[in-house]
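Enquirer: Pasting a structure below so you can have a look.
Any read-out appearing in this document is the output of simple, stated calculations on the displayed coordinates, not a laboratory observation. Just so it is clear, the structure is predicted and the values come from calculations on it, not from any experiment. Cβ placement follows ideal geometry from the backbone for every residue including glycine, while neighbour counts extend to all protein chains displayed.
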């Protein structure tokens, strides 16, 4: 079933990361273990992103400009769960690639496209939050236009970097022990190396640097505001700072865990010493990259308080409209700021604290952050 003894027929699927030396691939137990992991990722990723899209469709008030980027991430992750993971899962079950060379090229292209859309959208999301927090203004209809332009830009930018291998700048083909397909990292020609280097810089490193810059500035803004508030609100501000810190660490760690190993392996395979990346070892970063379809809904959506409230309400009262307080806090940031819904069951009905104009000016950046992180 695994056809590991039929080396001449499958030899082009089992190549090491540096040459055409045949690699026997994984054992039957290895293929089974990979299939189990991919099966779990497939089920959890599909269910998580399906629930996210279902809640967003059920509650139109959730579809704020920033949340449109979250929807774009969920759509791209869902497409990976539909057009990517099932094929690599089936290949691991049978121990070989099942859809031929053309299917391998399509798999490599589509997964590279959808994964890159998710990466670019994550970096755009960090910039949008940074712009909203540090350059806050009254929301208007142009925010939706900017959000849709950002979504269109993420797809166009990703297409610009994933189409070239179809046209001859590098190529898509078998990866690792032959149960998945991607860019041919092991090709060592100047053109192939140039493509891998550009892909690493413009599609992995730059989005990461943008995220670090934006979230770093947000943390500095939160810390600065925390020091300015009076002692009465000090503990509340510190809790908000801790919550923002947790969110930022989760976002950056998830990005690094899912995508940095894949980029490092690709660079080692292209520019490192021959044999530095065994074919079977390249499966690990590939599986980690697919796990982003599970982590993204948890980190970016399911931990969102407003989304969680709508999700729980949909389960309990699927045929009724959402509660009025949720609808009132969703359409504009300003409404959310006035209510500061850090604890939805208590603080939604609590009027804002009275303070002097100086205190209000000092606390306003903190309230803006609450609108986008604690809700």
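Enquirer: Between residue 57 and residue 268, what FRET efficiency comes out of the Förster formula 1/(1 + (r/R0)^6) with R0 = 35 Å and r the beta carbon distance, rounded to 0.05? If you can, show how the numbers build up before the last one.
Expert: On the way: r = 42 Å, r/R0 = 1.21.
The formula returns an efficiency of 0.25 here.
Enquirer: Here's a follow-up. So for the pair residue 29, residue 235, with labels modelled 7 Å out along Cα→Cβ, what separation do we get in nm?
Expert: That separation, rounded to one decimal, is 5.5 nm.
Enquirer: Also, quick follow-up: Taking a ≥ b ≥ c as the square roots of the eigenvalues of the Cα gyration tensor of the stretch 115-220, is the shape rounded (a/c under 1.5), prolate (a/b larger than b/c) or oblate? Kindly include the intermediate steps, with their values, before the conclusion.
Expert: Numbers: a/c = 3.06, a/b = 2.18, b/c = 1.40.
Since a/c reaches 1.5 and a/b is larger than b/c, the shape of the stretch 115-220 is classed as prolate.
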